[in-house]
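Working notes, beginning with the structure itself.
The values are calculated or read from the model by the stated rules, or taken from the named source; none is laboratory data. Only a predicted model underlies this, so the values are computations on that prediction, with no experimental measurement involved. FYI the Cβ positions are ideal-geometry reconstructions off the backbone, even for glycines, and counts take in every protein chain you see. SASA here: full protein model, heavy atoms, side chains in, ligands and nucleic acids out. Shrake-Rupley method; radii C 1.70, N 1.55, O 1.52, S 1.80 Å.
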Amino acid sequence: MSVRNREWPVALALTPVLILILAPFVWLLISSFKTEAEIGRADPFTWPADLMWRNYLDAWQIGGFGDLVGNSLINLVGVVALSLITCAPAGYALAKIRFPGREWLFYAFILGLTVPVQAIVIPLYQVLFKMNLVNTLTGIVLVQVSNGIPFGIFLMRSFFIGVPDDLIEAAKIDGASHFQILTKVFLPISTPAVQALVIISALSTWNDFFLPLIVLISPEVQTLPLGLVRFASTYASDYRLVFSGTVISFLPIILLYILMQRRFTEGLTQGAIKG
């Protein structure tokens, strides 16, 4: 039996699972274009008579999604940038630079993966309060970056450790410093790992509800998940607005994942193989 023929049973077995996963999203997307009367009908998958694009415009204006999307984008860019700035050098140092206590330091970072954020939320809040960073986007960025650093370092170290040491020796002969080796040699050949880190950080940041709930209080600085909950509770009886707002909240990050899913998979698999 060829490889392609052996894939058919797997595809057939996974098809019902795929349908179960996609059905709620398809229903939500279709319903977001319906009128209130059409949403109330028995068959939830009935195609609307006319596509009500007005639902999205109303939800955007009434729910203030422009400010929410702006706050989420600022949060996302800050977290992704700081994650790369911290995790890439740390992963390189733990993979290629020999110093006393290197292995213990790496294990200490890995230990951070075992600690749920709920267990340290009170100390985090107290630190932010003393630094006057509660209810600020700067505060939530720093908290989310610190929460994602253990996995980010693990991912980058796993990739860097498989890069031949000969490249470092050749660069040192040419007079390159460790910073130059990282930026001009390692990062260019580590694009899959970098993109995987970007996607993971973006997904977790965009969808994070718990940490923004603790840190961000005022509606003016809240991100999309918080704003969506507030919007849905206010207009709970207006389903067309709630459905449209929900689609607005998850559509950007889904598009990002679709565009970069190949690099995401390559980064995880190569890092796992090399680590």
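Which of the residues belonging to segment 59-70 are open to solvent by 20 Å² or more (accessible area, probe 1.4 Å) and assigned to a helix (DSSP H, G or I)?
At the first step, the residues of segment 59-70 found to be open to solvent by 20 Å² or more (accessible area, probe 1.4 Å) are 60-62, 64, 66-67, 69-70.
The answer is 60, 61, 62, 66, 67, 69, 70.
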Restricting attention to segment 1-49, the residues that are of a type in the set (D, E, K, R) and at pLDDT 85 or above number exactly 1
Check: Is one or more of the residues making up segment 45-55 open to solvent by less than 80 Å² (accessible area, probe 1.4 Å), assigned to a helix (DSSP H, G or I) and within 26 Å of residue 219 (Cα to Cα)?
Finding: yes
Of 133, 105, 94, 111, the only residue that is assigned by the TED database to the domain that holds residue 182, farther than 30 Å from residue 167 by Cα and assigned to a helix (DSSP H, G or I) is 111
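Per-residue answers, yes or no, for (1) hydrophobic (A, V, I, L, M, F, W, C); (2) at positive phi; (3) outside the structural domain of residue 134 (by the TED database); (4) free of Cβ contacts under 8 Å to residues at least 40 places away in the same chain:
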site: 182; (1), (2), (3), (4): yes, no, no, no
site: 185; (1), (2), (3), (4): yes, no, no, yes
site: 197; (1), (2), (3), (4): yes, no, no, no
site: 220; (1), (2), (3), (4): no, no, no, no
Residue pairs within 6 Å by beta carbon, gap of at least six or interchain, first lying in segment 151-168 and in contact (Cβ under 8 Å) with a residue 12 or more places away in the chain, second hydroxyl-bearing (Ser, Thr, Tyr) and in a loop (DSSP other than H, G, I, E, B), listed first then second, are 159/190
(Q) Condition first: at positive phi and surrounded by fewer than 13 Cβ atoms within 10 Å (Cβ to Cβ). Can you find one or more residues in segment 109-122 that meet it? (A) no
Log entry, pairs with first residue in segment 53-82 being within 17 Å of residue 252 (Cα to Cα), second being polar (S, T, N, Q) and not in a helix (DSSP H, G or I), beta carbons closer than 8 Å, six or more apart or on different chains, reads 56/32; 68/222; 68/223; 71/222; 71/223; 72/223; 75/223
Selection from segment 147-171 of residues more than 16 Å from residue 94 (Cβ to Cβ) and either touching a Leu at 6+ places or on another chain (Cβ under 6 Å) or open to solvent by 60 Å² or more (accessible area, probe 1.4 Å) (or both) yields 147, 164, 166, 167, 169
Subset of segment 239-275, residues β-branched (Val, Ile, Thr), within 14 Å of the chain's Cα centre (by Cα) and either at pLDDT below 80 or open to solvent by 70 Å² or more (accessible area, probe 1.4 Å) (or both), comes to 258
> Just wondering, is there one or more residues in segment 11-29 that are free of Cβ contacts under 8 Å to residues at least 12 places away in the same chain, surrounded by 17 or more Cβ atoms within 10 Å (Cβ to Cβ) and not assigned by the TED database to the domain that holds residue 162?
Replying inline: no
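Out of curiosity, is residue 85 open to solvent by 30 Å² or more (accessible area, probe 1.4 Å) and over 17 Å from residue 239 (Cβ atoms)?
Numbers: open to solvent by 30 Å² or more (accessible area, probe 1.4 Å): yes; over 17 Å from residue 239 (Cβ atoms): yes.
In short, yes.
Every residue, every condition in (1) under 20 Å from the mean Cα position of the chain (by Cα); (2) modelled with pLDDT of 90 or more, yes or no:
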site: 60; (1), (2): no, yes
site: 67; (1), (2): yes, yes
site: 70; (1), (2): yes, yes
site: 75; (1), (2): yes, yes
site: 82; (1), (2): yes, yes
site: 89; (1), (2): no, yes
site: 99; (1), (2): no, no
site: 104; (1), (2): no, yes
site: 114; (1), (2): yes, no
Boolean, residue 41 is over 21 Å from residue 209 (Cβ atoms), open to solvent by 80 Å² or more (accessible area, probe 1.4 Å) and free of Cβ contacts under 8 Å to residues at least 40 places away in the same chain: yes
